[in-house]
Amino acid sequence: MITPAYVVDEKLLTRNLEILAEIQQSTGAKILLAQKCFSAFYFYPLIKKFLAGTAASGLYEARLAAEYFGGENHVYAPAYKAEEIAELAQICDHVIFNSFAQVEKFAQYVKSAGLRINPEHSTQKISIYDPCAENSRLGVRIDEFKSARLDLIEKLDGLHFHTLCEQNSDALEETVDAVEEKFGAYLHKMKWLNLGGGHHITRKNYDIERLKKIIRRLQETYGVEIYLEPGEAVALDAGFLVAQILEIQPARNGISNAIIDASAACHMPDVLEMPYRPEIIGAAEVGVKNFSYRFGGATCLAGDVIGEYSFDKPLSAGDEIIFRDMAIYTMVKNNTFNGAKLPAIYAKNLRGDLTLIKNFGYDDFKNRLS
Ligand SMILES: *Cc1c(COP(=O)(O)O)cnc(C)c1O
């Protein structure tokens, strides 16, 4: 097997998709794949069997969905360029704007125009992931909405909010309360309401029944079609990053550095950005098992450290290690800092067979530079 490599497991992906499809069937809500989280288009035909469509963050993602998915195509961006609108209008079913100024400029061209609202109700502490944080540029607040021109409000078919990140349906419930309190009067005039992403639906302790109740109540109260656009929930725990140990250094301060051919900075940037410690198959916290290592990438960045782990047996150069939950926010965020090789991508099908679907090389590094 080529390393480093992502392996996306269709069985695990299908398990998530079945959960999402059941929610669609039992509530009539539509669920879209947020492509910014997972754009491995090889799997779009499989995902399309279960989900209604895709949500894009801009023209290129929308185009990818038009080429490889072919379901409902929705797009939201904090602002659009005039030269993008003709193509977006052609390929997207919903175009969601972030201001009344953008609605005024562009809504006339699109099939169904929506506006992202900001309910000003934070349910999380990490401000980089909180669109309701102070001074956020994301979504229109109720004071602006109330003073907007009536003819611009009348151009809207729907409202959209996205405020959650890896959260349960209790956070959604609070948020919906805030949305209804502030925007309820306007919702009665809309055709659809998009509840954004950040719903960790396929996580074990997610309360799906509460989600369904919220959806049904919104449908009944406002007569709107409900959309959800999760990214993480679609491919949560459905992929792995396989890496090889290149060298084990002598212990420093009691723990050895293991240098691997995958990098946090290049191949799992959320490890540094969130930050979090990804799980490795067969490993435990430091000190739990007998042999402990600190894993780092083969880049120049001192902080390119993935985490500290312990194992039952000593590790050595050439050993493979497998990181869990590496399908989401990985391939889409990769970079070639230091000229690092991009990980290959394998699909593991329902029978367990591995297929190499993409390998990368020197040209992929070079073609982004000049
Ligand atoms: C990030 C994002 C999503 C998907 O979020 P997940 O946390 O991956 O579920 C959906 N909609 C919008 C507008 C987003 O910015």
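I want to confirm something. Restricting to region 112-128 and keeping residues that are closer than 15 Å to Lys146 by Cα and out of contact with any Cys (no Cβ under 8 Å at 6 or more places or on another chain), which single residue is surrounded by the most Cβ atoms within 10 Å (Cβ to Cβ)? Before the answer, list the steps.
Within region 112-128, the subset closer than 15 Å to Lys146 by Cα is 115-120.
Narrowing the set further to residues that are out of contact with any Cys (no Cβ under 8 Å at 6 or more places or on another chain) leaves 115-117.
Details: Leu115: 29, Arg116: 22, Ile117: 25.
So the residue we want is Leu115.
Give the residue, chosen from Gly318, Gly352, Gly287, that is surrounded by fewer than 15 Cβ atoms within 10 Å (Cβ to Cβ) and within 15 Å of Ala262 (Cα to Cα).
Residue meeting the stated conditions: Gly318.
Residues checked against (1) in a helix (DSSP H, G or I); (2) more than 16 Å from the ligand (Cβ to nearest atom):
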site	(1), (2)
Ala178	yes, yes
Phe183	yes, yes
Lys189	no, yes
Lys212	yes, yes
Arg216	yes, yes
Ile226	no, no
Ile245	no, yes
Ser256	no, yes
Leu272	yes, yes
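With the requirement that a residue be closer than 23 Å to Lys30 by Cβ and under 24 Å from the mean Cα position of the chain (by Cα), what does region 88-109 give you?
Passing the criteria: Leu88, Ala89, Ile91, Cys92, Asp93, His94, Val95, Ile96, Phe97, Asn98.
What number goes with the only condition from (1) within 15 Å of the ligand (Cβ to nearest atom); (2) part of a helix (DSSP H, G or I) that Glu174 does not pass?
Status for Glu174: all satisfied but (1).
Which one is farthest from the ligand (Cβ to nearest atom) among residues in region 129-151 that are surrounded by fewer than 17 Cβ atoms within 10 Å (Cβ to Cβ) and in contact (Cβ under 8 Å) with a residue 40 or more places away in the chain?
Applying the filter and picking the extreme gives Arg149.
Taking interchain pairs and intrachain pairs at least six residues apart, which have beta carbon atoms under 7 angstrom, with the first residue in region 222-237 and surrounded by 20 or more Cβ atoms within 10 Å (Cβ to Cβ) and the second charged (D, E, K, R)?
Val224/Lys191; Tyr227/Lys30; Gly231/Lys36; Glu232/Glu166; Leu236/Arg203; Leu236/Asp325; Asp237/Arg324; Asp237/Asp325
Among (1) touching an Asp or Glu at 6+ places or on another chain (Cβ under 7 Å); (2) touching a residue at least 60 places away in the same chain (Cβ under 8 Å); (3) more than 22 Å from Phe100 (Cβ to Cβ), where does Lys191 come up short?
Of (1) touching an Asp or Glu at 6+ places or on another chain (Cβ under 7 Å); (2) touching a residue at least 60 places away in the same chain (Cβ under 8 Å); (3) more than 22 Å from Phe100 (Cβ to Cβ), only one is false for Lys191: (3).
For the list (1) more than 14 Å from the ligand (Cβ to nearest atom); (2) over 30 Å from Ser263 (Cα atoms), I need the number of the one condition that Ile96 fails.
That leaves (1) as the condition not met.
None of the figures in this text is laboratory data; all of them are computed from the coordinates on show. Keep in mind the model is a prediction, meaning the values are calculated, not measured. Neighbour counts are summed over all protein chains in view; Cβ atoms, including those assigned to glycine, are modelled from backbone coordinates with ideal geometry.
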